[in-house]
Amino acid sequence: MAEGIIRKALSGFYEVDDGQSLTTCRARGKHRHKGQSPLVGDRVRFTPLEDGSGAIDEILPRKNEFTRPAVANIDLLVVVASQAVPVTDPFLIDRVACIAQARNCDSLICVNKCDLAQGEDLEDIYTRAGFPVIRLSARTGEGVERLRREISGKVCAFTGNSGVGKSSLLNALEPDMDLATAHISQKLGRGRHTTRHVELFRLSCGALAADTPGFSSFDADAAELGRKEELQYTFREFAPYLGKCRFQDCAHLKEKGCAVLEAVRAGKIPASRHQSYLRLYEQARAIPDWARK
């Protein structure tokens, strides 16, 4: 029996990297009976077969897992955004960042296409919120070396709305990779989904990086959100004010004496972040416990 990491999943086949070679595996039927599905990023034990393929025997314990992108054991979620076409709605960033926070996964905000639009607004919001932020351009190379340093040695996933340049950034990091990219629709202001599946790529900086299909505000899985009472802990800039509200069970919506709301009014918490919190709170409130991931 051998051990490795799943680097690609497609149509029930899994490419497992044992550090020396890639083996195409199928999962044994017992995983279906247990309701388990192997994910890209899973550490697995597998049996090499005579024909050169393999059979996945065991999925090792995960440190975290995500539905969108469908990955596991991620150290760093690289959230790619843009203030050029397509313009990223900050709510999309906030949504994936709070899901990552709840799963003990760090987030890095990358504002791409700064050669077209500098992205100072997004940089200001997320720097004030306590996130590391890089303004960069896959086309000119600005900021790419810093990104390479940030992801070095980590298992990371690049995520963001369609057309912001996830594949282009990976191509800039590793020119020999030559991932497919697509032009932006000028009529719709968004990109086409050039990435159809999730795959981990080994980079020369020692990172394993996943390019993932793009998403919009309408197709993220709401069931990945935690309970409404837990949501406040996924907004890192709320931390200094939690426990200081007039009411112990304050939800930080519109209550009197709310320390979080006072911080928003004082400009200490970006208003857009609190607006995202309100939207996510309503979504979380509508999800029954049985439907949660």
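The values are calculated or read from the model by the stated rules, or taken from the named source; none is laboratory data. This structure is a prediction, so every number in the text was calculated from the model and none was measured. All Cβ positions, even for glycine, are placed from backbone atoms using ideal geometry, and neighbour counts span all protein chains on display. These area figures cover heavy atoms from the full protein model, side chains too; ligands, DNA and RNA do not enter into them. Shrake-Rupley method; radii C 1.70, N 1.55, O 1.52, S 1.80 Å.
In table form, for the structure just shown:
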| quantity | calculated |
| --- | --- |
| Number of the exception - Q118 against (1) assigned to a loop (DSSP other than H, G, I, E, B); (2) in contact with a helix residue (DSSP H, G or I) (Cβ under 7 Å, 6 or more places away or on another chain) | (2) |
| Condition met for P132 (of a type outside the set (D, E) and open to solvent by 30 Å² or more (accessible area, probe 1.4 Å)) | yes |
| Unmet criterion (only one of (1) touching a Cys at 6+ places or on another chain (Cβ under 7 Å); (2) at pLDDT 95 or above; (3) aliphatic (A, V, I, L, M)) for V133 | (1) |
| Residues being open to solvent by 10 Å² or more (accessible area, probe 1.4 Å) and either farther than 14 Å from Y126 by Cα or among the charged types (D, E, K, R) (or both) - total across the stretch 85-98 | 4 |
| Residues that are among the β-branched types (V, I, T) and open to solvent by less than 50 Å² (accessible area, probe 1.4 Å), drawn from the stretch 52-84 | I56, I59, V71, I74, V78, V79, V80 |
| Selected residue (criterion: nearest to F66 (Cα to Cα)) from residues of the stretch 100-121 that are aliphatic (A, V, I, L, M) and open to solvent by 10 Å² or more (accessible area, probe 1.4 Å) | A102 |
| Output for the stretch 1-18, where each listed residue is closer than 16 Å to G52 by Cα and open to solvent by 50 Å² or more (accessible area, probe 1.4 Å) | M1, E3, F13, E15, D18 |
| Residue in the stretch 1-55 that is modelled with the lowest pLDDT, counting only those that are part of a loop (DSSP other than H, G, I, E, B) and of a type in the set (A, V, I, L, M) | M1 |
